[in-house]
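Below is one structure; the comments refer to it alone.
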Amino acid sequence: MTLDHENGVGPTGYDDCANGAGPIGYDLLVVGSANADLVIGVERRPAAGETVLGSDLVVHPGGKGANQAVAAARLGARTALLARVGDDAHGRLLLDSQRAAGVDTAGVLVGGAPTGVALITVDPSGDNSIVVSPGANARLAPDDIRAAGDLLARARVVSVQLEIPLVTVAEVARTLPSGARLVLNPSPPAPLPLDVLAACDPLVVNEHEARFILGESAGPGPEEWAQALLGLGPRTVVVTLGAEGALVAGDGVCERVASPRVEPVDTTGAGDAFTAALAWRLGQGETLVAAAGFAVRVGAAAVTREGAQESFPRAEEVGDA
Ligand code: RIB
């Protein structure tokens, strides 16, 4: 197993300031998954026991963690990724995509298992169904987090999702440097320890994730879900509402933020782009409402193009030059 040191990093394993003034900080450190997305377009996503014919197979770089890192870097954030990929062609595809976007990949571990793979079907409405084989993502261990203490110490915001082991996410929450902010998108959803929930600022959920976490106690709508989720410990909560935008809650606000209307082509990765944009702008000191207002524009732009990382906009495309 090796660390990825091929991108011109300094002796510490991380990029150093060109002027020798010391190590750079990161606007955003993403700790999460990296998958090769194997995508097939279909007229209709298959039901249980059904076989459908689809388009030619396309392979895109994806994974919720890798997607967030590319989305943030493309918007202009100084971004690093802590992840694990296999020593294989899919791993190289993912590293190339990160580097092309300007992400610092010094924290990407290579080897131990094949790169994660996501099997994705996309229908004409742009909706998808996804099955993930975690592969190397499942081997990103708490020890890897402890070994990357230097990387964590340089991050203003740390963003995690649940395509890596929950114990690893819990270690991130436990070792988060004081002053750094933790953003968690619990996708795919799993029962969350109270100390992880309490560290979130914000917890970012869609309807499915909110209902999973709240179970039978889930109220009738996003306002009720947000209040109930705040009661579990996060300082702030963001409920994403697809084409309707998002609801933000906490710090004395509970407010809906509308999304621009767009013609959806492929929703894959749009939530990742939203969360990355939100996390970055919160780290820049914006309010939750303002950061979510930017993030809904980024998410909306991402659904107008195919694929995940290829679909993510630059800042100037969302009116933020
Ligand atoms: O959120 C979209 C991502 O989910 C895809 O890129 C796929 O890899 C799965 O992780």
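The values are calculated or read from the model by the stated rules, or taken from the named source; none is laboratory data. Nothing here was measured: the structure is a model prediction, and the numbers come from that model. Here the Cβ is made from the backbone with ideal geometry for all residues, glycine too, and neighbour counts use every protein chain on show. Quick note on the areas: whole protein, heavy atoms, side chains included, nothing else; ligands and nucleic acids left out. Shrake-Rupley method; radii C 1.70, N 1.55, O 1.52, S 1.80 Å.
Overall, the chain carries a charge dipole of about 480 debye about its Cα centre when +1 sits on the Cβ of Lys and Arg and -1 on the Cβ of Asp and Glu, all other atoms neutral.
Its Kirkwood hydrodynamic radius, worked out from the mean inverse distance over all distinct Cα pairs, puts the stretch 19-138 at 15.3 Å. Working ranking of peptides 282-288, 257-263 by packing, defined as the average number of other Cβ atoms within 10 Å per residue, highest first, is 282-288, 257-263. Using a Gaussian network model of the chain whose springs link C-alpha atoms within less than 10 Å, name the residue from Val265, Val31, Val298 with the highest mean-square fluctuation. Among Val265, Val31, Val298, the largest mean-square fluctuation in the Gaussian network model of the chain belongs to Val265.
Computed from the C-beta positions of Leu232 and Ser125, the FRET efficiency with R₀ = 41 Å rounds to 0.80.
Which shape class applies to the stretch 201-245: rounded if a/c is under 1.5, otherwise prolate when a/b exceeds b/c and oblate if not, where a ≥ b ≥ c are the square roots of the Cα gyration tensor eigenvalues? Note, shape of the stretch 201-245 comes out oblate.
If I histogram all Cα-Cα distances within the chain using bins 20 Å wide from 0, what percent of pairs lands in each bin? Cα pair-distance distribution for the chain, in percent: 35, 59, 6, 0.
Given 20 °C and 1.002 mPa s, how large is the Stokes-Einstein diffusion coefficient of the stretch 171-251 in µm²/s, with Rh as the Kirkwood radius over Cα pairs? Working shown, then result.
On the way: Rh = 12.7 Å.
Reported coefficient: 169 µm²/s.
Extension gain, Ala258 to Ser178, is 25.5 nm, computed as 0.36 nm per intervening residue step minus the present C-alpha separation.
Solvent-accessible area per residue for the stretch 67-152 at a 1.4 Å probe radius, Å²? It would help to have the intermediate numbers written out before the result.
Numbers: 2960 Å² over 86 residues.
Here the per-residue accessible area is 34 Å².
Given +1 at the Cβ of Lys and Arg, -1 at the Cβ of Asp and Glu and no other charges, the dipole of the stretch 42-90 around its Cα centre is 360 debye to the nearest 20. Rg to Rh for the stretch 166-304: what is it, with Cα atoms only and Rh by Kirkwood? Using only Cα positions, Rg/Rh for the stretch 166-304 is 0.95. The charge dipole of the stretch 78-233, taken about the Cα centre with unit charges on the Cβ atoms of Lys, Arg (+1) and Asp, Glu (-1), comes to about 580 debye, rounded to the nearest 20. Per-peptide packing, taken as the mean over residues of other Cβ atoms within 10 Å, places 304-311, 40-47, 65-72 in the sequence 65-72, 304-311, 40-47 from highest down. Under 5 Å from the amide H of Arg78 lie the amide H atoms of Asp27, Leu28, each residue being 5 or more positions distant or on a separate chain, with H modelled from the backbone and absent for Pro and chain starts.
For the stretch 82-138, the square roots a ≥ b ≥ c of the C-alpha gyration tensor eigenvalues yield an a/c of 1.5 or more together with a/b not exceeding b/c, which makes the shape oblate.
Projecting the Cα atoms of Val103, Ser125, Gly135 onto the dipole axis of the stretch 65-171, where Lys and Arg carry +1 and Asp and Glu carry -1 at the beta carbon, places Val103 farthest toward the positive end.
Could you calculate, for the stretch 114-170, the ratio of the Cα radius of gyration to the Kirkwood radius, expressed as Rg to Rh? Show your work: numbers first, answer last.
Details: Rg = 15.0 Å, Rh = 13.5 Å.
A ratio of 1.11.
Summarising the strand pairing of the chain, around 45 percent of its internal DSSP beta bridges are antiparallel.
For Ala147 and Ala100, the FRET efficiency from 1/(1 + (r/R0)^6), where r spans their Cβ atoms and R0 equals 22 Å, is about 0.25.
Convex hull volume of the C-alpha atoms in the stretch 249-307, normalised per residue: 69 Å³.
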